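The values are calculated or read from the model by the stated rules, or taken from the named source; none is laboratory data. The structure presented is a predicted model; accordingly, all values stated were derived computationally and were not measured. Heads up, the Cβs are rebuilt from the backbone with ideal geometry, glycines too, and the neighbour counts pull from every protein chain shown. Heavy atoms of the whole protein, side chains included, go into the accessibility calculation; ligands, DNA and RNA do not. Shrake-Rupley method; radii C 1.70, N 1.55, O 1.52, S 1.80 Å.
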Amino acid sequence: MQMIFALIVVHILRGVLAQDELSLAFPDGFSIGAGTSAYQIEGAWNVSDKAENVWDYLLHKCPSLSNNNDTGDIACDSYHKYKEDVQIAKNMGLHHYRFSISWSRVLPTGTPDIISKDGIQYYKNLIDELLKNGIEPFVTLHHFDDLQLLVNKTGGWANESMVEYFAEYSRVMFRELGPKVKFWSTFNEVNIFCKWFAYLNETTPDTAYRASYLCAHNVLKAHARAYHIYDEEFRSIQHGQIGLIISSAYYIPKTAGDTESTDIAFDFNTAWVMNPVYSKKGGYPEVMKQRIAENSRAEGLVSSRLPEFSDKWINYIQGTADYLGLNHYITTLVEPVKKSNGRWYDDAGVIFSNDPSWKLTAIGWGVVPESMSALLRKISKDYNNPPVYILENGASEIADFMDIDRIAYLYSYMKEVLMAKRDGCDVRAYTVWSFLDNYEWFNGYAQTFGLIHVDFKDPNRKRTPKLSSHWLKIILSEGKLLPYKENLLEDYGNELEKTIEALD
Ligand code: NOJ
């Protein structure tokens, strides 16, 4: 009897192990790549007829805003070194490469009156180079870098006129680049862009809130305009897909069971921009509408500072995506907080913190891989299992070539992605942020996310593959996720050490 029992246990265990092994194989058609964005890597900020973008303007005027006065003026110089970048990506075996288009490089006045030949040619060359090397381009139209000229003219995204400027810009891009691009994203992280980057100088809580709500309102309209333009004028000939990229943290109650706080946090930070496009009903989450209206009344405002969509716009925006672009990095504990007259958290009424037991990456974000699968399951459940492309996930470190912590991070997060997929979530792509070390916004170049090290002191911006890029190359050629093991990377490690010594 005992023997039979033992055999059954062994059989079950074998099954579990086999199952686990099996699920670590990359499913057919699952695309793995790495990401970049224009301002963070291109440099060449004033070549040819490129116009100034908001980052050029801001960081030239006020360099101290950025750590070490760093700017993206030269960045990785990918504008000149794109062929080398593509060779590195090819060598790694990447399936796709994510990059963004700099609006100020292609339309220097913001409108189609002047189309920069050199600007367009740069992206055509990059796309051709990628395709020639068997790498699928994933193209983002807007990654935090508006034209300064348009912002001067309109005041930025709080002004609805930006919607049509963006629509015109996107039409030109579909026409010029669309014949070779199958994966378009309109905006990168609309929620982060509007909350943290678009209105940096709005210091009073009401104007800052109002500006970011208005910004997202108009960005969502602009996204929908671009989607419909693609759908009506280009889809039948170009056969591509188009979606929106949203950043989402995963929220854990600080007090066990306080799901009210985590729901509010998700609604105010993610569902805010996810519901209008991806929910069946469209429009903003009810809890946001109620709380903001209440707060606005209590502050003596005549109407809610959250703008309202007309029914026409709700319908126009709802459903405008072929996939959901997801960036995920942060896990945070959530707890309720009392109103304190004008602090940033007043509208939502919740605050965030790290659990002291979490290991943190250099940027201070907790490493909690289970959040990845939990978030994917939540999205699948709340939004009717949409196709999800993970377009960013990764870890920052203070420059280190032997980036074993990054490998451990990527392994554990990718594993959760595969588990979620095994459980039925329709996740179709995973993108490591980032391909190259690059300009990490106000953090400058001090701590970076790259698989490839870039020497920012070298005028030639020498690229050196880190250990993580070699690990990625191995798992891509094996077709399955493997953990870091010393013998797996021994040869490479020795080679790398020699390179590093030579660099010193
Ligand atoms: C999201 C942004 O899209 C990207 O530009 C940034 O570098 C990473 N997060 C890391 O902060």
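Structure summary
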| read-out | value |
| --- | --- |
| Matching residues, the stretch 426-446, being charged (D, E, K, R) and within 10 Å of the ligand (Cβ to nearest atom) | Glu440 |
| Test: residue in the stretch 334-341 that is within 30 Å of Ala34 (Cα to Cα), touching a strand residue (DSSP E or B) at 6+ places or on another chain (Cβ under 6 Å) and among the hydrophobic types (A, V, I, L, M, F, W, C) | no |
| Some residue of the stretch 344-363 being at pLDDT 95 or above, under 19 Å from Ser279 (Cα atoms) and away from the ligand (no atom under 16 Å from the Cβ) | no |
| Residue check, Thr140 out of contact with any Cys (no Cβ under 6 Å at 6 or more places or on another chain) and within 16 Å of the ligand (Cβ to nearest atom) | yes |
| Count of residues meeting criterion [away from the ligand (no atom under 16 Å from the Cβ) and open to solvent by 10 Å² or more (accessible area, probe 1.4 Å)] in the stretch 32-43 | 0 |
| Yes/no for Ser296 being under 24 Å from the mean Cα position of the chain (by Cα) and in a helix (DSSP H, G or I) | no |
| Subset of the stretch 44-60 [aliphatic (A, V, I, L, M) and within 16 Å of the ligand (Cβ to nearest atom)] | Val54, Leu58, Leu59 |
| So Tyr383, is it more than 20 Å from Ala89 (Cβ to Cβ), among the hydroxyl-bearing types (Ser, Thr, Tyr), within 16 Å of the ligand (Cβ to nearest atom) and in contact with a helix residue (DSSP H, G or I) (Cβ under 8 Å, 6 or more places away or on another chain) | no |
| Residue within the stretch 112-128 that is more than 16 Å from the ligand (Cβ to nearest atom), of a type outside the set (S, T, N, Q) and within 22 Å of Tyr209 (Cα to Cα) present | no |
| Which numbered condition Asp403 misses (of (1) modelled with pLDDT under 95; (2) open to solvent by 30 Å² or more (accessible area, probe 1.4 Å); (3) touching a helix residue (DSSP H, G or I) at 6+ places or on another chain (Cβ under 8 Å)) | (2) |
| Per-region count, the stretch 395-417, residues closer than 23 Å to Ser185 by Cα and more than 19 Å from the chain's Cα centre (by Cα) | 0 |
| Qualifying helices (runs of 4 or more DSSP H) (wholly inside the stretch 54-165; at least 2 residues being touching a helix residue (DSSP H, G or I) at 6+ places or on another chain (Cβ under 9 Å) and open to solvent by 50 Å² or more (accessible area, probe 1.4 Å)) | 78-92, 117-132, 148-154 |
| Helices (runs of 4 or more DSSP H) wholly inside the stretch 177-269 containing at least 2 residues that are open to solvent by less than 10 Å² (accessible area, probe 1.4 Å) | 205-229, 259-266 |
| Extreme residue, nearest to the ligand (Cβ to nearest atom), among residues of the stretch 447-474 that are farther than 17 Å from Glu84 by Cβ and buried (at least 22 other Cβ atoms within 10 Å of the Cβ) | Phe449 |
| Qualifying residue in the stretch 307-322 (condition: more than 24 Å from Ala211 (Cα to Cα), within 16 Å of the ligand (Cβ to nearest atom) and assigned to a loop (DSSP other than H, G, I, E, B)) | no |
